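In what follows, a structure is listed as structure tokens, so that the remarks can point back to it.
The values are calculated or read from the model by the stated rules, or taken from the named source; none is laboratory data. This structure is a prediction, so every number in the text was calculated from the model and none was measured. For neighbour counting, all protein chains shown are included, and Cβ atoms are generated from backbone atoms with ideal geometry for every residue, glycine included.
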Amino acid sequence: MNRWSSSVSVLLACARHQILVSVRSWHFYAILAIVQPGVLLLVTLSLPRRSQVTTYYVSQAALGVLLISFWSCILWTSANILRRERMEGTLASCLTGVRDLRLVLVGKLLGTNAISALITMLTVMTVLAALRHPVRFDHVGWLVVGLLALFLSGLILGVGMASLFVLSRFGPQLSGALMYPVFLLAGLLTPLSALPSGIRWLSWGISLRWTKTFLASTIQSSPDLPALGMVVILSAGYAIVAAVAFRRFTMIALREGTIDFV
Amino acid sequence: MTGPGRGPAIRADGLCRSFGRKAKVVTALDGVSFEVAAGEAVALLGVNGAGKTTLIKILSTLLLPTSGHASIAGHDVVRQTKRVRAVTSVVFGGDRGLYTRLTGRDNLRFFGMLSGLGRGELRGRIEAALDLVNLTTAAGQPVETYSRGMRQRLHLAIGFLTRPQVLLLDEPTVGLDPVESDRLRNAVLAMRDEGVAILLTSHYLLDVEKLATRVLLLSGGRIRENMTLAQFVRESGHAATITIRGRGTAPDISAGQLPATVASGTVRSSGDRWEADLRLREWNGDVFHLLDKLLMAVQVDDVQVRETRLEDAFAAISAQLTA
Amino acid sequence: MSSERLWRWAQAVRIGYLDYKASNPWRVSATTTWPRAILQCLFFVILDTAAGGPGRAFAFEGAAALILTVPTSVQIASVPSTDKWMGTFYRLRLGRMPAAGVMALRAIPWLLEAMIMLVLSILAVGALTNQLPLAFRLLALAPVFLLMAVTNAAAGLAVASFAVGRNADVLLGNALMYLIIAADGVVVPVGRLPWLDDVGRFLPLRNGLLAVRAIIAGRPWGTHLLLELAVGAVWAALAVAGFSFQVSQARRKGADAYA
């Protein structure tokens, strides 16, 4: 088996393992991928008068809720993957194993992100069907490209956040604190124009903002390729930060022994 | 010391406890009966899964029996739980059972309040309990920083707070070093001498040897033996083992050649050297005369005497019970 | 009430506060939890406005009340779950105070947290959305919000009493909060989702919020307040029943990790 296929098999094995772990902790996915998006979508579609609920509005709302749920899943599951390994006492084995921990981590994130993405999409589709609200995307192909970019960006974000959160005692508080700033600054369900002008510039550095912009552009108009480009550029930047964060965490673990080694 | 009328401090009468339903019923206790008097310390022995902790939980009112009765200081453990709890302390030990984010003193304060101690007496009792278990210095640190032994000592301190009439100890010395174990035993002995009835379980038979005057053997949910400590030791079949090492011709310790005081003997040879074990029914000064006769014609390099440990007794009895 | 009893209650509150502070130091709350509350409040106000809802003021009143739910419907489950994870439930069972009472007293710091988050959110969001006059009027209604915090806490503890043993406290606590968002007229007015309205009648916060809106609009509010109190009392009774059930189950089945 060459190195490439070996890496792929490690990724898939870790993804599978994490899916099994996720099934055991299904409660988190029930909240993040079913309850939260279900209620937010319901509320968003119930706020305006019936006549104002156009297909365009519904499609925008569906995208916004999808992205909110995706980000929430990253914060509450992906970002805490290493932290939970530490709490369980299994982080030592992952760190000192033969397989590169980066591969292991990415594989696990693959598993958890896939589960949350799948369940969220099913939830959104179910709510829309129940409320009999149609959605419409004129550029389905580009929509798929955008969702893939979102997924990959999510993996990178997951690596970085997992590497930062593993060293913190206050993971849940950190996860909670990062929800609404991104919801607002990325304009996922609320317009950026509603934010004070002094902070709107922060949204430029949030890939989810550009993801939303790109995905929304596939509804009716032509795809906003510069927005997709921003997603790619920002994700590359995140990857550098994630790599630094990961290296830092492993150095601390090995040098200072602050990660629990059995 | 005892409740309404005179009677034993701890009494169990036909206690039964089962878990599960239908085809998956597990019987933890099956008609357990015994008594412990005030000022008496009784050890409850048994292999893992014998039902010891289940019994302790029933006596401490944490668990209902399926059938049978038990009383503490005359109060029924099922119907008079408040009175039982007022005179009983139970120590389970282990890593759990403590608020680890809080300090040892905070844990003592809260659990002391819960157990009924008043504001006026609590502070003094806390300091006395900490001193008793040698935790005064560490009392202000979060429990999560404690070693295993320190946590165990904190459990004991909580148990000692209320100065109970009945003390139930479930493996009290687990995790303690020999010095601390000895300290704990002295504290428990002092309580016993003050009239506290003690029921303890332990896998460290040194605890049993030092603390208990009587032993209950629990096996398969039943009390199989109820005997004094001396009887328990004798049940192993011998009181001491002499190990003799030598060279050349080994001594003849075939059955017909051994005196009555020797229960059994074995010899192992390896080349020119041999090693003999003699298990004695009694250990006293006459044994030397026996040895003199037995080893007259052989070349002896070394003689060691070891009194029978309770582990030997426990192993022997357990083997009998499971046979 | 004897001073000794008050002292016991104070000790239970104290241990709850110490445990709360150990897992939520002030500097962590001030940099994570409280800003989250402010931004959550802002989010729902902006969402309502942008989506063409009933209006900024309506959304502000509802979003402010909603802030109470995070510490009291969701995070309050950490009170009973601490005993599960630390293995200390058997000590509560052996204690002189009823388990439900100990839980309720230990939960008081979460009420304090809820009120702090409420005040900060009202002031910050009021300023950010140019609704400061309304913000001050809402602050004056702090006792009503405190009542809602208490009724939410009762519901949170009731849910937790049954959920902790099944590791479902996070799920059910959050489900309660989201149900409140959907059914209590927080940002979507009561009546717009009729099939949820019947559910909302039995949830905390709904009648209290109606009382707040009635007071601000100069309408009668007494009935709403009484209904909020009644709903809270029912949830409190359920919490007592829940913990009593746990104690009884533990004693019957021998499991100390909650049924």
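List of remarks:
- Selection status of C:Ala175, among the aliphatic types (A, V, I, L, M) and within 24 Å of C:Leu92 (Cβ to Cβ): no
- Remark: C:Leu123 matches the filter, which requires a residue to be away from chain B (no Cβ under 14 Å) and not charged (D, E, K, R).
- Selection of region B:190-210 for residues being in contact with a strand residue (DSSP E or B) (Cβ under 8 Å, 6 or more places away or on another chain) and modelled with pLDDT of 90 or more yields B:Met191, B:Arg192, B:Val196, B:Ala197, B:Ile198, B:Leu199, B:Leu200, B:Thr201.
- From the list C:Val199, C:Val212, C:Val164, the lone residue that is in contact with a Leu (Cβ under 7 Å, 6 or more places away or on another chain) and buried (at least 22 other Cβ atoms within 10 Å of the Cβ) is C:Val212.
- So B:Ala260, is it modelled with pLDDT under 80, among the small types (Gly, Ala, Ser), surrounded by fewer than 16 Cβ atoms within 10 Å (Cβ to Cβ) and not assigned by TED's automatic domain parsing to the domain that holds B:Asp30: yes
- Count - residues of region B:13-37 that are part of a loop (DSSP other than H, G, I, E, B) and buried (at least 20 other Cβ atoms within 10 Å of the Cβ): 0
- Candidates A:Leu189, A:Leu225: the one that is over 23 Å from A:Ser78 (Cβ atoms) and either out of contact with any Phe, Trp or Tyr (no Cβ under 8 Å at 6 or more places or on another chain) or of a type outside the set (S, T, N, Q) (or both) is A:Leu225.
- Of C:Met97, C:Met103, C:Met115, all but one fail to be in contact with a Phe, Trp or Tyr (Cβ under 9 Å, 6 or more places away or on another chain), at pLDDT 95 or above and within 14 Å of chain B (Cβ to nearest Cβ); the exception is C:Met103.
- Residue check, C:Val187 within 14 Å of another protein chain (Cβ to nearest Cβ), touching a Phe, Trp or Tyr at 6+ places or on another chain (Cβ under 6 Å) and not in a helix (DSSP H, G or I): yes
- B:Leu59 closer than 25 Å to B:His203 by Cα, surrounded by 18 or more Cβ atoms within 10 Å (Cβ to Cβ) and within 13 Å of chain C (Cβ to nearest Cβ): yes
- Number of the condition not met by C:Asp198 [criteria: (1) closer than 24 Å to C:Leu42 by Cβ; (2) more than 14 Å from chain A (Cβ to nearest Cβ); (3) assigned to a helix (DSSP H, G or I)]: (1)
- Looking only at region B:149-170, residues that are surrounded by 20 or more Cβ atoms within 10 Å (Cβ to Cβ) and in a loop (DSSP other than H, G, I, E, B) come to 4 in all.
- Which listed residue is assigned to a loop (DSSP other than H, G, I, E, B) and more than 14 Å from chain C (Cβ to nearest Cβ), from A:Leu215, A:Leu167, A:Leu189, A:Leu155: A:Leu167
- Only a single item in (1) closer than 27 Å to B:Leu114 by Cα; (2) assigned to a helix (DSSP H, G or I); (3) touching a residue at least 12 places away in the same chain (Cβ under 8 Å); (4) not charged (D, E, K, R) is not met by B:Phe232, and it is number (1).
- Of all residues making up region C:97-151, the number that are under 30 Å from C:Leu238 (Cα atoms), touching a residue at least 12 places away in the same chain (Cβ under 8 Å) and not hydrophobic (A, V, I, L, M, F, W, C): 6
- Exactly one residue among C:Ala65, C:Ala37, C:Ala59 is under 30 Å from C:Val188 (Cβ atoms), in a helix (DSSP H, G or I) and away from chain A (no Cβ under 11 Å), and that residue is C:Ala65.
- Some residue of region A:239-247 being farther than 23 Å from A:Arg136 by Cα, in a helix (DSSP H, G or I), within 14 Å of another protein chain (Cβ to nearest Cβ) and of a type in the set (Lys, Arg): no
- At least 1 residues being surrounded by fewer than 19 Cβ atoms within 10 Å (Cβ to Cβ) and away from chain C (no Cβ under 14 Å) is the threshold, and among the helices (runs of 4 or more DSSP H) wholly inside region A:1-80 those reaching it are A:3-24, A:55-76.
- Matching residues in region C:154-175 - criterion: being polar (S, T, N, Q) and more than 14 Å from chain A (Cβ to nearest Cβ): C:Ser161
- Residue count for region C:1-37 satisfying the condition of being polar (S, T, N, Q) and under 21 Å from C:Val125 (Cα atoms): 4.
- Qualifying residues in region A:163-217 (those that are under 30 Å from A:Glu88 (Cβ atoms) and of a type in the set (Val, Ile, Thr)) - the one nearest to the chain's Cα centre (by Cα): A:Val182
- Here is the figure for region B:83-108: residues that are within 8 Å of chain C (Cβ to nearest Cβ) and under 23 Å from B:Val196 (Cβ atoms) total 5.
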